[in-house]
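What follows draws every value from the coordinates through simple rules; no lab data is involved. All values reported here derive from a predicted model rather than from experimental measurement. Every residue, glycine among them, receives a Cβ derived from its backbone with ideal geometry; neighbour counts consider all protein chains shown.
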Amino acid sequence: MIETAIIEKHGVGRLKDPVMVTGLPGIGLVGQVVAKYMIKKLGGKKMADLYSPHFPHQVLMTKKGGMRLLKNKFYLIRLKKRDLIIVVGDVQAITGDGQYEVAGKILDYAQKHKVREIITIGGYSSGKMSGEKKVFAAANSEKVMKRHKDEFVFGETKGSIVGVAGLLPALALIRGIDAMCVMGETHGSYVDPSSAKAVLEKLAKLFSFKIDMEQLEQEAKEREKMIKKIEGEIEKQAAGGNKDITYIR
């Protein structure tokens, strides 16, 4: 394999005003959690696999004793008004050249299916461990920003967006595709189901679908309990005069 390739399954058929949503590994795994949860709860069907020589040079061993290449996957979720193409994956490309190539191939696939809107999902590290999580966004045009200004928080984030979550919307503008990156507020050092839940609630409202949040809510509650325990331990140790806390057990 000398370049990134997308292998599509047969029988995808014609799509209804499709939107592409990506949730690849990143900060807090927010995007990955959201995308996988949507596929599971909304009955996503596999469309295609993306393989790239820019992914890490390793394979995953399966429970049955086999092995498989690292890959990104495309799933189709059919809603009443629009179809969703969900992109999830094991990894992202490990080089800058690879990131651009993979993003370009994903955009090629989006255009093949006449996608007019792309939403990438990621996490925004604010250091906040508990409490209500904001859902930020950065758009690739003022038009997109105005369209979604009442749904997401624009203008409060700073810095850069690394990987496909940032490259895809930026490169989509060149191809005339509306796009934005939606970011759930997260601490950034652990998997954050509460941030994923906040993002998912916004998407459910945006695309008018209902989804059972029970499992995600339970995971978020368990995470909140653990975080409060950690915060309590930090306060106790700080009150005891131990200013050199290097770990919590």
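Between the helical axis of 96-112 and the longest alpha-carbon principal axis of the chain there is an angle of about 50 degrees. Here the relative contact order of segment 1-151, from alpha carbon pairs under 8 Å that lie six or more residues apart, stands at 31 percent.
As I understand it, the value is the acute angle between the Cα axis of helix 30-41 and the longest principal axis of the Cα atoms of the chain; what does it come to in degrees, rounded to 10? Its long axis makes an angle of about 60 degrees.
The relative contact order of segment 32-77, computed from alpha carbon pairs under 8 Å that lie at least 6 residues apart in sequence, is 45 percent. One decimal place: the segment residue 17-residue 64 gains 13.0 nm when fully extended, by the rule 0.36 nm per residue minus the C-alpha distance. For the chain, the longest principal axis of the alpha carbon atoms and the long axis of helix 193-206 meet at an angle near 40°. Across segment 114-121, coupling constants 3J(HN,Hα) worked out from phi with the 6.51/-1.76/1.60 Karplus curve, θ = phi - 60°, read 6, 6, 10, 8, 10, 10, 9, 10 Hz, and Gly and Pro carry x. Which pairs break 18 Å Cα to Cα here: 41/149; 36/80; 40/210; 16/41; 40/81; 149/205? Check vs 18 Å cut-off fails for 41/149; 36/80; 16/41; 40/81. Beta bridges per DSSP, both residues in the chain: antiparallel share near 55 percent.
Ignoring GluC sites (Glu not before Pro) that are buried or in helix or strand per DSSP, and keeping those with at most 15 other beta carbon atoms within 10 Å, what is the longest stretch of the chain between them? The reported range is 4-131. If you build a Gaussian network model of the chain, linking Cα atoms that sit under 10 Å apart, which residue out of 56, 25, 169 swings the most? Top of the fluctuation ranking is 56. Applying the criteria of a DSSP loop state and at most 11 other Cβ atoms within 10 Å to the trypsin sites (Lys or Arg not before Pro) of segment 121-161 yields 158.
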